[in-house]
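**Q** Below are the structure tokens for one structure; questions will follow.
The values are calculated or read from the model by the stated rules, or taken from the named source; none is laboratory data. Here the structure is a predicted model, which is why all the values come from computation and not from measurement. Cβ sites come from the backbone with ideal geometry, for glycine too, and all protein chains shown count toward neighbours.
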Amino acid sequence: MLGVPLRVHPLGALGGLGANCLLLALAARLAGGRLDPVGLALVALGTAALLQLSALAHEYGHALAACATGQRVESVVFVLFGGYAWIDLDAAERASRLRAAAIVAAGPAVSLVLALSFWAVAAPATSASAEAGLVCGIAAGMNGLLLGMNMLPLGPLDGGRLRRLVAGWLSGTPNRIRTGDLHLERVAS
Ligand SMILES: [Zn+2]
């Protein structure tokens with residue numbers, strides 16, 4: 001897909017979709033929503049599918065940025081609760097820290113665009129159907145949450161990688177690269 005091989009683990013992806021669905025339906029019930037069972041099922045399934053696709057889009061953000069900067073991308077893998085992209089970030093960093101930072105930042109940038117887009121269409125969607133508005137509103141919130149969690153300046157998260165790359169670039173210290181390290185990027189949905 002889009003020049004990057006996509007590998008789907010069907011059981012994992014379907015399991016994630018089902019689990020998200022159940023969690024969302026339970027949350028909507030506990031929140032005291034007035035949806036009938038069919039409406040509740042539609043909202044849960046629609047939102048769960050959008051969350052899976054949002055996580056995939058986040059990974060493709062990393063992968064396409066890597067391709068655009070001439071870095072090797074092995075594949076994007078779609079599994080339980082999201083996915084991950086196999087990208088040789090070490091090679092990108094050897095070439096340029098800023099290039100590596102652009103690859104890392106591309107995923108959160110996609111999540112930000114998705115959060116804003118779902119938020120923008122939530123109100124118009126509500127006037128068409130309460131369920132559609134709810135799906136867009138929850139998808140906006142979950143993408144915002146995903147973005148916030150990913151940007152925490154910790155270890156293997158996007159925020160932690162960006163912090164390390166930008167700090168190294170600002171201080172002008174030489175790159176210290178662990179060669180042959182393919183980075184695993186995983187995003188929960
Ligand atoms: Zn990411």
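**Q** Contact list please: Cβ distance under 7 Å, first residue in the stretch 149-170 and under 16 Å from Ala102 (Cβ atoms) and within 10 Å of the ligand (Cβ to nearest atom), second residue among the hydroxyl-bearing types (Ser, Thr, Tyr) and modelled with pLDDT of 85 or more, pairs at least six apart or on different chains.
**A** Asn150/Ser111
**Q** So, Gly83, is that one within 16 Å of the ligand (Cβ to nearest atom), within 16 Å of Asn143 (Cα to Cα), at pLDDT below 85 and surrounded by 15 or more Cβ atoms within 10 Å (Cβ to Cβ) or not?
**A** The answer is yes for Gly83.
**Q** Among residues belonging to the stretch 35-64 that are within 14 Å of Leu23 (Cβ to Cβ) and within 16 Å of the ligand (Cβ to nearest atom), point out the one that is surrounded by the most Cβ atoms within 10 Å (Cβ to Cβ).
**A** Residue satisfying both the conditions and the ranking: Leu51.
**Q** For the stretch 60-79, check the following and say yes or no: at least one residue is modelled with pLDDT under 85 and aromatic (Phe, Trp, Tyr).
**A** Looking for residues that are modelled with pLDDT under 85 and aromatic (Phe, Trp, Tyr), one finds at least one in the stretch 60-79, hence yes.
**Q** Return the total of residues in the stretch 54-91 being more than 17 Å from Leu157 (Cα to Cα) and among the charged types (D, E, K, R).
**A** So the count comes out to 2.
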